[in-house]
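**Q** Before I ask anything, here is the structure I am working with.
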Amino acid sequence: MRLFWAFTAFTAFAVVALGADVGLIRVSERQQKFSSQLAAEFQALKKTNTEVLVRPEGWLFFAAELRLLSVGKFWGPEARQISAARNPDEADPMTAIVDFGNQLKQRGIGLLLVPVPPKAAIYPDKALPGFDLDGENPAPYLTRFYDELRGNGIDVLDLGPILSQQRDGDHGHVFCKTDTHWSGYGCVVAAHAMAEKVKLSAPSKHDYATNWKQIEMTGDMVTLLPHGAQKPGTETIFVREVGERANGRPVQPDPDSPILLMGDSHTLVYHDFIAQAAGLLDQLADELGFPPDLIGTRGSGATAVRVDLYRRSRKNPGYLAKKKMIIWCFSAREFTEADAWARIPVSK
């Protein structure tokens, strides 16, 4: 993970943008105050070169996600000022996403974009204890961005309201307290929502069995705490393992599947690190009755995975002909933090 500290005017920009009706994006006084306080927290962390906001009850929040929620409009012309992209011409996520969707559409392939919301948007009361949004949307600019993407023909699944509604369940929180990823329970909730949007079937169905279990983990943000800081202990979460009912074998990506799941570490966590057989691929297989294919990375899910898709389609010219849907899942902070939102061809 990287946190970009090279930006110095974000707090002032956020307050100005949120205080106005910018591009028909209406923001209430309460939403403005929430964003401004997050911007102040981000600036305080930046001054001490700290990447993690520590909160009571063991809650940790990644600074880059606080920035996303505090910078206002981050696409279009504003992207050049906001984005962490090295090349200003590759700063706008809107341009790259719409281009990718249009390329797929020309090949008869659907795209479902699934950004993973910032933890602070699901648990604003934990990020800013005592602050009451009174049910108002903590991420109005993300909502507007998704609306504009839909207006440009991109199908977007906004997990924010879904995860917020189920944020505390019988299997715990939907996000880990000390990690940047969703919890095993949050992964299951997200997979169910994705499967509801995918109306596809495969020639052969698989019969899967599931089993909830508890695991202990040390969150990735614990290692980012400053030297000498008090570190929380291990965190206990639930994960739901998935396997073939007949023999217990774990789910494997299927290159011939009509669905490709691609994205950042949210596509891999609990599948091949932290836990096994309990990740997004596994949950989607159980929900759909067949396994998708997978292109996942533990790095940025913005451009690198599209480059990997291009390489795969070049190596196997018939690869894309088998695909009917691509589910592109990555952290929403990529909209501002990715080092590139380049236009990448999907095939030669």
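The values are calculated or read from the model by the stated rules, or taken from the named source; none is laboratory data. All values derive from a computational prediction rather than experimental measurement. Here Cβ is always computed from backbone atoms with ideal geometry, including for glycine, and neighbour counts include all displayed protein chains. Please note that ligands, DNA and RNA were not included when accessible areas were found on the heavy atoms of the full protein model with its side chains. Shrake-Rupley method; radii C 1.70, N 1.55, O 1.52, S 1.80 Å.
**Q** Could you pull out the residue among V16, V27 that is more than 21 Å from G301 (Cβ to Cβ), surrounded by fewer than 18 Cβ atoms within 10 Å (Cβ to Cβ) and modelled with pLDDT under 95? Walk me through it before giving the result.
**A** Values: V27 fails: surrounded by fewer than 18 Cβ atoms within 10 Å (Cβ to Cβ).
Every option except V16 fails the conditions.
**Q** Additional query: Among the residues of region 289-331, which ones are touching a helix residue (DSSP H, G or I) at 6+ places or on another chain (Cβ under 8 Å), farther than 17 Å from V114 by Cα and of a type outside the set (S, T, Y)?
**A** If the condition is that a residue be touching a helix residue (DSSP H, G or I) at 6+ places or on another chain (Cβ under 8 Å), farther than 17 Å from V114 by Cα and of a type outside the set (S, T, Y), then P291, L320 are the ones that fit.
**Q** Step by step: first the residues of region 228-246, then only those that are farther than 24 Å from K119 by Cα and either in contact with a Lys or Arg (Cβ under 8 Å, 6 or more places away or on another chain) or without any contact (Cβ under 8 Å) to a residue 40 or more places away in the chain (or both), then the one that is surrounded by the most Cβ atoms within 10 Å (Cβ to Cβ). Which residue is that?
**A** In this case the residue turns out to be G243.
**Q** Evaluate the following for V239: is it under 19 Å from the mean Cα position of the chain (by Cα) and assigned to a strand (DSSP E or B)?
**A** Working: under 19 Å from the mean Cα position of the chain (by Cα): yes; assigned to a strand (DSSP E or B): yes.
Spelling it out, V239 is indeed under 19 Å from the mean Cα position of the chain (by Cα) and assigned to a strand (DSSP E or B).
**Q** Please specify each residue of region 128-146 satisfying the condition of being touching a residue at least 40 places away in the same chain (Cβ under 8 Å) and under 18 Å from the mean Cα position of the chain (by Cα).
**A** Of everything in region 128-146, those that are touching a residue at least 40 places away in the same chain (Cβ under 8 Å) and under 18 Å from the mean Cα position of the chain (by Cα) turn out to be N137, P138, A139, P140, Y141, L142, R144, F145.
**Q** Right, here's the next one. Take E136 and tell me if it is open to solvent by 10 Å² or more (accessible area, probe 1.4 Å), more than 23 Å from P161 (Cα to Cα) and either out of contact with any Gly (no Cβ under 8 Å at 6 or more places or on another chain) or modelled with pLDDT of 95 or more (or both). Steps first, answer last, please.
**A** Numbers: open to solvent by 10 Å² or more (accessible area, probe 1.4 Å): yes; more than 23 Å from P161 (Cα to Cα): no; either out of contact with any Gly (no Cβ under 8 Å at 6 or more places or on another chain) or modelled with pLDDT of 95 or more (or both): yes.
Answer is no for this residue.
**Q** Can you pull out the residues in region 275-295 that are part of a loop (DSSP other than H, G, I, E, B), surrounded by fewer than 23 Cβ atoms within 10 Å (Cβ to Cβ) and of a type in the set (A, V, I, L, M, F, W, C)?
**A** A277, F290
**Q** Please list, ordered by first then second residue, the pairs with beta carbon atoms under 7 Å, 6 or more apart or interchain, first in region 28-47 and in contact (Cβ under 8 Å) with a residue 24 or more places away in the chain, second of a type in the set (D, E, K, R).
**A** So the pair list comes out as S28/E136; R30/D134; R30/E136; Q31/E136; F42/R67.
**Q** Looking at region 163-190 only, could you name the residues that are part of a loop (DSSP other than H, G, I, E, B) and under 15 Å from the mean Cα position of the chain (by Cα)? Please lay out each step first, then the result.
**A** To start, the set of residues in region 163-190 that are part of a loop (DSSP other than H, G, I, E, B) comprises 166-167, 170-171, 174, 176-181, 183.
Matches in region 163-190: V174, C176, D179, T180, H181, S183.
**Q** Sort out which residues of region 222-248 are under 23 Å from A277 (Cα atoms) and either in contact with a Phe, Trp or Tyr (Cβ under 7 Å, 6 or more places away or on another chain) or basic (K, R) (or both), and write them in order of number. Before the answer, list the steps.
**A** Our first condition is that a residue be under 23 Å from A277 (Cα atoms); within region 222-248, this holds for 234-248.
If the condition is that a residue be under 23 Å from A277 (Cα atoms) and either in contact with a Phe, Trp or Tyr (Cβ under 7 Å, 6 or more places away or on another chain) or basic (K, R) (or both), then F238, V239, R240, V242, G243, E244, R245 are the ones that fit.
**Q** Taking region 198-244 as the search range and keeping residues that are of a type in the set (K, R) and at pLDDT below 95, which one is nearest to D158 (Cα to Cα)? Can you show your working first?
**A** As a first pass, look at region 198-244 and keep what is of a type in the set (K, R): 199, 205, 213, 231, 240.
Cutting the leftovers down to at pLDDT below 95 gives us 199, 205, 231.
On the way: K199: 18, K205: 28, K231: 33 Å.
Checking each candidate, the answer is K199.
**Q** Taking the options F74, F61, F100, name whichever one is more than 22 Å from F34 (Cβ to Cβ), aromatic (F, W, Y) and open to solvent by less than 20 Å² (accessible area, probe 1.4 Å).
**A** F100
**Q** Does region 273-288 contain any residue that is touching a residue at least 24 places away in the same chain (Cβ under 8 Å) and farther than 21 Å from Y185 by Cβ? Show your work before the answer.
**A** Keep residues of region 273-288 that are touching a residue at least 24 places away in the same chain (Cβ under 8 Å), which gives 273-288.
Subset that is farther than 21 Å from Y185 by Cβ: none.
No, that holds for no residue.
**Q** When G130 is evaluated against the numbered criteria (1) within 22 Å of L45 (Cα to Cα); (2) at pLDDT 95 or above, which criterion, by number, is the only one it fails?
**A** (2)
**Q** Quick one: which of R298, R343, R312 is part of a helix (DSSP H, G or I) and among the charged types (D, E, K, R)? If you could, list the steps in order and put the result at the bottom.
**A** On the way: R298 fails: part of a helix (DSSP H, G or I); R343 fails: part of a helix (DSSP H, G or I).
The match here is R312.
Table: residues versus (1) closer than 18 Å to V305 by Cβ; (2) open to solvent by 10 Å² or more (accessible area, probe 1.4 Å).
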| position | (1), (2) |
| --- | --- |
| S204 | no, yes |
| L225 | no, yes |
| G248 | no, yes |
| V251 | no, no |
| G263 | yes, no |
